[in-house]
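Taking it in order: structure first as structure tokens, then the write-up.
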Amino acid sequence: GQILVTGVVSIGSIANYDDDPVKDDFFVLRLNSNGLVDTTFGSNGLAVTDFSANRDTPTDIAVRPDGKIVVVGSAVFGNATKFAVARYNSNGTADTSFSGNGKMVTGWDTSTAAPFLASVEAAYVNGHLLVVDGGITTRA
């Protein structure tokens, strides 16, 4: 099978990190079972999602039964950190059937929502409901 990796891709000046923060975005990388990048996924193996002009940090990834990929984490808007969700089609393109552009940011406080929502059980997300480990919560 294939391997999915999520993390942060940084854009900006690392040398002046404290004075000029790096802009971070979500990324998903797909590897073939032999460890080589699957260049048919996203753009040459990589799918990137930008939520804010600041730090976007993914914390977990799950694949739905229909093959769509869900990445959860946080995005910083000014002084506010919000819960962020990106959904991709199995080929690494943004799933525009999800929230119109493949991404959603909520007003939930990440200190309380993220530990519950950013788990390997996060298997289904749409514009209105999030099902985690059998529980349903409405989005803010």
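Quick check on the stretch 40-60. Is at least one of its residues farther than 19 Å from Val8 by Cα and at pLDDT 85 or above?
Yes: the stretch 40-60 contains one or more residues that are farther than 19 Å from Val8 by Cα and at pLDDT 85 or above.
Need pairs with beta-carbon distance below 7 Å; first residue under 17 Å from Lys23 (Cα atoms) and open to solvent by less than 20 Å² (accessible area, probe 1.4 Å) and within the stretch 48-76, second part of a loop (DSSP other than H, G, I, E, B) and among the hydroxyl-bearing types (Ser, Thr, Tyr); sequence gap 6+ or separate chains.
Close Cβ pairs (under 7 Å, with a partner that is part of a loop (DSSP other than H, G, I, E, B) and among the hydroxyl-bearing types (Ser, Thr, Tyr)) amount to Ala75/Ser52.
Filter the stretch 22-39 down to the residues that are in a loop (DSSP other than H, G, I, E, B) and either modelled with pLDDT under 90 or of a type outside the set (S, T, N, Q) (or both) and list them by number.
Passing the criteria: Val22, Gly35, Leu36, Asp38.
Given (1) farther than 17 Å from Val5 by Cβ; (2) at pLDDT below 90; (3) out of contact with any helix residue (DSSP H, G or I) (no Cβ under 8 Å at 6 or more places or on another chain); (4) of a type outside the set (S, T, N, Q), where does Phe83 come up short, assuming only one miss?
Failed condition: (3).
The values are calculated or read from the model by the stated rules, or taken from the named source; none is laboratory data. If you're wondering where the values come from, they're calculated on a predicted model, not measured in any experiment. Positions of Cβ are backbone-derived with ideal geometry, glycine not excepted, and every protein chain shown enters the neighbour counts. Each accessible area value is taken on the protein alone, full model and side chains, heavy atoms only, with ligands, DNA and RNA left out. Shrake-Rupley method; radii C 1.70, N 1.55, O 1.52, S 1.80 Å.
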